[in-house]
Structures are given as C-alpha cells and as structure tokens.
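Peer 1: Structure incoming, see below.
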Amino acid sequence: MAAAPLYSLTIPYTTLSLQNPSEEPNNNASSTCRGVTRLPKHPETAIWNRSLRTHLEAGSSSQVLQCYCEIVACGVPLDISTFHFLIHACSRSLLLRLGREVHGRALKHGLGGNQSLRNCLMGLYAKAGMVWDVELLFQKVPGRDVVTWNTMISCHVRAGMLREAMRLFGRMRSEGVEPNEVTMVSLLSAVAKLRDLQMGEELHRFILEKRLDISGSLLNCLVDMYIKCGAMDRAQELLPDSQSRDDSCSGMWQAIRIARWKHSRFAGEARDGS
C-alpha cells in the first residue's frame, strides 16, 4: 500500500496540549501498567518495529517517519517500542511538529506516565530549546533518574540558563541521584561560558572524588573549561607529555597553544597601551 505524505495524515490527538495536565491520562504507575496491558498484541507491530529499529540504527530518520505514515495508514497497533523509535527519529531530525503528534498518540494510548518515554520526549523538546515543555514533563516524573536530570540540565545550558543549570545540579544531588560523565560535560560547558574558574575547579574535584572516567568528551570539556577560564597550565596538566602525545589529544594541544598565543598578544598590547 502506498504511503501517505508525511504531513498529510490527520491525527486527532494533535490537539492535546502539554500545558494542560488534565489532558494526560493515567499518571500513576498502576494506571500506566494498565495502559500497557490494554495495548493490542499484533504480529505486524513487531515486524514494523524491527523495520523502524533498522532504519534508526542506519541513521535514516526519513525512512522511520515514512514507516510511521504507513503504520497509521494501515491501522497497525502501536506499542511502547514504536513510540520510542518515532520520538528518537523526530529528535534526530528536529521534527518538532511530528514529535508533538506522536506524543499525543502516546498519551491517547495511556503511556504518558512511562518514564523512559518521557525521557525521550524531554530530549526532543530540549534539543528544540523548548525549556518550558521540558520543565512541564520534568515536574510530572515521580522518580527522576540520572537521564531525566541530565536532560533537564543540558536543556538549560543550551538555552543559556547557566546559573539555573548549576542549581539543578544541586537539586539532583540533594535528591540522591548520582551524576555521571554526561552530567559533568553539561556542567563544565556551563562553567566555561561563565568563565568561573573556582566553580570549574570544584567540579574537577568532584569528578576525581567520584572517579569518573576522564576521557573523550569529559576530558575535552575539562581542557576547554580551563582554557576559557585562562588557566592554561591546568589545562596542560590534563594532557599527556610531548613524548606520549597521540592524535586524540592533538586538537587540545593546538587549542592550548592558540590560547597561550592570544593571551601573550593581549598582554603585550596592554603593556604597550600603558
């Protein structure tokens, strides 16, 4: 059967609004479980889900969304996996309108209280810079896990709400949720923008105390934070010495050299001006 164009489908659930909590059914855990068990078991659903997963893993969001159109047109029942794949595809391609449409369908299926699905939706809205929508979903999550907190923090960092991101970190710890490397990457990005060396050093000590893996993105963010805070020596201490440098650190060494050159040039100009 030929698939309908992506946005030609009329879905009655798009009128559901995040801003009206009364429109989201089954908020408690037992209601959510009942919602899941009510979902029809259909062999075609599993087949379509495998297709969605294959296209998503191949990085083809357009094919995922084309499959969605065919699923709706054929009347194939949707389950929690279907919604996960669709929200991930919408997030990857920043298809906010379609993401809201899929969100509406999930609510209609009684899956509004599913935490992993909420985390996916928060990721979509965070990527789109929709802080208010992310906060609304965040407030409805009863047992917030590290993924929920990370999404909330990164959303505020992206929106430039840097001090609020740091306050959220404090709330996260007070609720007993252990931060991970992803948390630290977002927070170090905030500190780098704030040029707050003291706060950056506190985060660095926290990373060492928690024995988080200082490599990859986290190492990059630590080096970048120290450079932007003007502490080139601290940045250099994080990298291997000249005899053991590898390609993965070459970009960071280059960033330090450029930062030192700019610093010396500005210092020279300041002396000349005085």
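The values are calculated or read from the model by the stated rules, or taken from the named source; none is laboratory data. The structure presented is a predicted model; accordingly, all values stated were derived computationally and were not measured. Note: ideal-geometry Cβ built from the backbone for every residue, glycine included; neighbour counts use all protein chains shown.
Peer 1: Would you be able to say whether some residue in region 106-129 is over 20 Å from the mean Cα position of the chain (by Cα), part of a helix (DSSP H, G or I) and touching a residue at least 40 places away in the same chain (Cβ under 8 Å)?
Peer 2: Yes, there is a match, as at least one residue in region 106-129 is over 20 Å from the mean Cα position of the chain (by Cα), part of a helix (DSSP H, G or I) and touching a residue at least 40 places away in the same chain (Cβ under 8 Å).
Peer 1: Residues in region 19-32: is at least one surrounded by fewer than 14 Cβ atoms within 10 Å (Cβ to Cβ), modelled with pLDDT of 85 or more and either β-branched (Val, Ile, Thr) or out of contact with any strand residue (DSSP E or B) (no Cβ under 9 Å at 6 or more places or on another chain) (or both)?
Peer 2: Taking every residue of region 19-32 in turn, none turns out to be surrounded by fewer than 14 Cβ atoms within 10 Å (Cβ to Cβ), modelled with pLDDT of 85 or more and either β-branched (Val, Ile, Thr) or out of contact with any strand residue (DSSP E or B) (no Cβ under 9 Å at 6 or more places or on another chain) (or both).
Peer 1: Let me ask something else about it. With the structure loaded, tell me whether GLY112 is small (Gly, Ala, Ser) and at pLDDT 95 or above or whether it fails that test.
Peer 2: No; evaluated as a whole, the condition is false for this residue.
Peer 1: Identify the single condition in (1) surrounded by 14 or more Cβ atoms within 10 Å (Cβ to Cβ); (2) over 19 Å from ARG118 (Cα atoms); (3) of a type outside the set (A, V, I, L, M); (4) free of Cβ contacts under 8 Å to residues at least 60 places away in the same chain that GLU70 does not satisfy, given that it satisfies every other one.
Peer 2: Exception for GLU70: condition (4).
Peer 1: Where in region 151-231 are there helices (runs of 4 or more DSSP H), lying fully within it, with 3 or more residues that are over 22 Å from ASN119 (Cα atoms) and not assigned by TED's automatic domain parsing to the domain that holds ARG118? Outline the logic, then answer.
Peer 2: Details: elements: 162-174, 181-194, 197-209, 216-228.
By residue number, 181-194, 197-209, 216-228.
For (1) surrounded by 21 or more Cβ atoms within 10 Å (Cβ to Cβ); (2) more than 14 Å from VAL146 (Cα to Cα), each residue gets a yes or a no:
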{"site": "ALA159", "(1), (2)": "no, yes"}
{"site": "MET166", "(1), (2)": "no, yes"}
{"site": "ARG173", "(1), (2)": "no, no"}
{"site": "VAL177", "(1), (2)": "no, no"}
{"site": "ASN180", "(1), (2)": "no, no"}
{"site": "SER186", "(1), (2)": "yes, no"}
{"site": "ARG195", "(1), (2)": "no, yes"}
{"site": "GLN198", "(1), (2)": "no, yes"}
{"site": "GLU202", "(1), (2)": "no, yes"}
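Peer 1: Please determine whether any residue of region 92-103 is assigned to a loop (DSSP other than H, G, I, E, B) and either touching a helix residue (DSSP H, G or I) at 6+ places or on another chain (Cβ under 7 Å) or in contact (Cβ under 8 Å) with a residue 12 or more places away in the chain (or both).
Peer 2: Yes, there is a match, as at least one residue in region 92-103 is assigned to a loop (DSSP other than H, G, I, E, B) and either touching a helix residue (DSSP H, G or I) at 6+ places or on another chain (Cβ under 7 Å) or in contact (Cβ under 8 Å) with a residue 12 or more places away in the chain (or both).
Peer 1: Residues to consider are ARG92, ARG100; find the one that is surrounded by fewer than 19 Cβ atoms within 10 Å (Cβ to Cβ) and outside the structural domain of VAL182 (by TED's automatic domain parsing).
Peer 2: ARG92
Peer 1: Here's something else I'd like to know. Can you tell which of ARG53, ARG38 is at pLDDT 90 or above and of a type in the set (Lys, Arg)? Working first, answer last.
Peer 2: Numbers: ARG38 fails: at pLDDT 90 or above.
Exactly one residue qualifies, and that residue is ARG53.
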